[in-house]
Amino acid sequence: AQMPVVMITALDDRRSRIEGIRSGADDFLHKPIHADELKARVRTVVSLNRYRSLAEQKARFEGVFAHAPVAIALSDGTGVLLEANARARAWIPGLLPDPSAARRVWDGLPPEPADRLKAAFHAALADGEANEQRLVMGTSGDHLVLAMRSVAITE
């Protein structure tokens, strides 16, 4: 599936081209061919295969992220929320009300948990180690256990 298949044949009718593609060819050329055209077609097929592979990996990641049994919130290096899965939004209502708003992970929390979360975030960012915090959310006494690990992701 990763190897580009370009069918080269003397046949140039529509039926032959369709049959070649149905047989698994990524592209179809008829003779005589020019080496530059063949190279360009192979490069295009390789690029498309790479794109397909990345799209499949992205879809798998998004599925795992969305259905993870734990709350996951992604932020930039300043704490601004970028994404959160459903579990995270259930724990902290209104987590991502407006993607254009620069809302930080600790915004909207009571002052004491917000300060502890902010300190844990900056510590994790500084040392790259997981920092675990037990935050009391609301008046019900429910505990939100938050384990943070800061990882720099570059594009």
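Restricting attention to segment 21-37, which residues are of a type in the set (V, I, T) and farther than 11 Å from I8 by Cβ?
I21
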Q) What strands (runs of 3 or more DSSP E), lying completely within segment 1-85, carry at least 3 residues that are over 30 Å from A123 (Cβ atoms)? A) 6-9, 27-30
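State whether one or more residues within segment 50-61 are open to solvent by 70 Å² or more (accessible area, probe 1.4 Å), within 30 Å of W106 (Cβ to Cβ) and charged (D, E, K, R).
yes
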(Q) Pairs please, first residue from segment 102-122 and over 18 Å from D76 (Cα atoms) and without any contact (Cβ under 8 Å) to a residue 12 or more places away in the chain, second anywhere and in a helix (DSSP H, G or I) and open to solvent by 80 Å² or more (accessible area, probe 1.4 Å), Cβ atoms under 6 Å, 6+ apart in sequence or on different chains. (A) none
Q.
Every residue in segment 71-106 that is modelled with pLDDT of 80 or more and of a type outside the set (G, A, S), please.
A. I72, L74, D76, T78, V80, L81, L82, E83, N85, R87, R104
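The values are calculated or read from the model by the stated rules, or taken from the named source; none is laboratory data. Quick caveat: nothing in here was measured; it's all calculated off a predicted structure. As a convention, Cβ positions derive from the backbone with ideal geometry for all residues, glycine included, and neighbour counts pool all protein chains shown. Surface accessibility is based on the protein's heavy atoms, side chains included, excluding ligands, DNA and RNA. Shrake-Rupley method; radii C 1.70, N 1.55, O 1.52, S 1.80 Å.
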